[in-house]
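Engineer: Encoded as structure tokens, here's the structure I'll be asking about.
The values are calculated or read from the model by the stated rules, or taken from the named source; none is laboratory data. Keep in mind that what you see is a predicted model, and the values were worked out from it rather than measured. No Cβ is skipped: glycine too gets one built from the backbone with ideal geometry, and neighbour counts run over all protein chains shown. Each accessible area value is taken on the protein alone, full model and side chains, heavy atoms only, with ligands, DNA and RNA left out. Shrake-Rupley method; radii C 1.70, N 1.55, O 1.52, S 1.80 Å.
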Amino acid sequence: MKENNKVLLGMSGGTDSSVAAMLLLDAGYEVTGTTFRFFEKGGNTEYLDDARELCSRLGIPHITYDLRDKFKEYIIDYFIKEYMTGRTPVPCTLCNNYLKWPILKEIADREGIYHIATGHYVQKTFNDGFWHIINGTDTDKDQSFFLWGLPQEILQRMILPLGEMTKTRIREIATEKGFMKAATKKDSLGVCFCPMDYRTFLKNNVTPEKIRPGIFCDETGNRIGMHEGYPFYTIGQRRGLGIHMNKAIFVKEIIPDENKVIISDNIKNLEQKEMWLTDWNIINPDILLGMDDVIIKIRYRKQANRCRVEKTKDGLLHVILHEPLASIAPGQAAAFYRENMVLGGGIIK
């Protein structure tokens, strides 16, 4: 694919991708909008109408792709399976790295479009011969944590028009240009197919007998209460346990085969000094492997810890933490940084 002035923009119908379209046009690009039909709760397709209407007002083409079957297979089924095996899934990370961006590239290739874009609050930089994602300017909206798995063939073609902007400024631009509906749309919260409560989603999509009450035990095996079903808990969880004690308690371990959840009243008992990652991606091994100044994050917007990363003989990444870290949940993502630059990441084993 030869570089040209065309850009394919992923459009959700929301504020961010709508303003991204305006900014790309202002920058002189020939923009085509595309909206993926991933999941439609209750058959609601208002987001499609909004994206089409915006493209019509801007005078740009709009393409719709129905990917509901693929989304169910790659994201929803995976989401359910992870919780049912006592792990904590990362659907937004997988969707971005293995579905959304690769499909944007696939469509762009087919349409003869070089650039691909979204309304993500991230930037990119070229360092020592490799493209890297870097943090967005708006720290409250930064989405770099979710994009550690993208290959160079995608990174080099990405345009990220919102990377240097704040959400406040994005809403102002929509208002200034007369797109009041886009300017006042609410931000989406959580996972798109179960934005508020994943427990209800699991109850509605898993055979009832597979989620049943079980036992909370302390670290010595003593029964301390009943839980609603092990898939409803994650390592490090403190709230919503339904156990009333005069001290803080945390989920330390989940044992699916026994429908048992182990509780600890000491957060230090959840601390670990190492972890192993599968399904990993490293952008430039020379500035990650064996280095002592690597930062690891295991939660979006959570603490950053220094570590050393080594590759094992069986193909895993071994992460040695300089300081102990609590609440390391199998199935969750881990992203590596140097300052604000993403070096790669993987899934906690």
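Engineer: Mind counting the residues in segment 292-307 that are open to solvent by 30 Å² or more (accessible area, probe 1.4 Å), of a type in the set (A, V, I, L, M) and touching a residue at least 40 places away in the same chain (Cβ under 8 Å)?
Structural biologist: Qualifying residue count for the region: 1.
Engineer: Further, regarding this structure: Give me the pairs, please: first residue somewhere in segment 141-159 and closer than 25 Å to ALA304 by Cα, second residue anywhere and among the basic types (Lys, Arg), beta-carbon distance under 7 Å, and either six or more positions apart or on two chains.
Structural biologist: LYS141/LYS167; PHE145/LYS297; LEU155/LYS124
Engineer: Consider LYS124 carefully, then state whether it is closer than 26 Å to ILE348 by Cβ and surrounded by fewer than 16 Cβ atoms within 10 Å (Cβ to Cβ).
Structural biologist: no
Engineer: Can you confirm whether PHE201 is under 28 Å from LEU94 (Cβ atoms) and open to solvent by less than 20 Å² (accessible area, probe 1.4 Å)?
Structural biologist: Taking the combined requirement at face value, the residue does not satisfy it.
Engineer: If you take just the strands (runs of 3 or more DSSP E) that sit entirely in segment 252-349, which of them hold at least 1 residues that are in contact with a Cys (Cβ under 6 Å, 6 or more places away or on another chain) and modelled with pLDDT of 95 or more?
Structural biologist: Those strands (runs of 3 or more DSSP E) span 260-264, 294-297, 317-325.
Engineer: Filter segment 131-156 down to residues that are hydroxyl-bearing (Ser, Thr, Tyr) and more than 16 Å from PHE336 (Cβ to Cβ) and give me whichever is most open to solvent (accessible area, probe 1.4 Å).
Structural biologist: THR139
Engineer: Within the set of pairs 6+ apart or on separate chains, which have a first residue in segment 113-131 that is closer than 18 Å to ASN5 by Cα, a second that is part of a strand (DSSP E or B) and small (Gly, Ala, Ser), and C-beta atoms under 6 Å apart?
Structural biologist: Between residues of segment 113-131 that are closer than 18 Å to ASN5 by Cα and residues that are part of a strand (DSSP E or B) and small (Gly, Ala, Ser), the close pairs are THR118/GLY10.
Engineer: Let me ask you something else. Would you kindly identify the helices (runs of 4 or more DSSP H) lying entirely within segment 152-194 that contain at least 1 residues that are over 18 Å from CYS55 (Cα atoms) and in contact with a strand residue (DSSP E or B) (Cβ under 8 Å, 6 or more places away or on another chain)? Break it down into steps so the answer makes sense when it comes.
Structural biologist: Working: elements: 152-155, 167-176, 180-183.
So the answer is 152-155.
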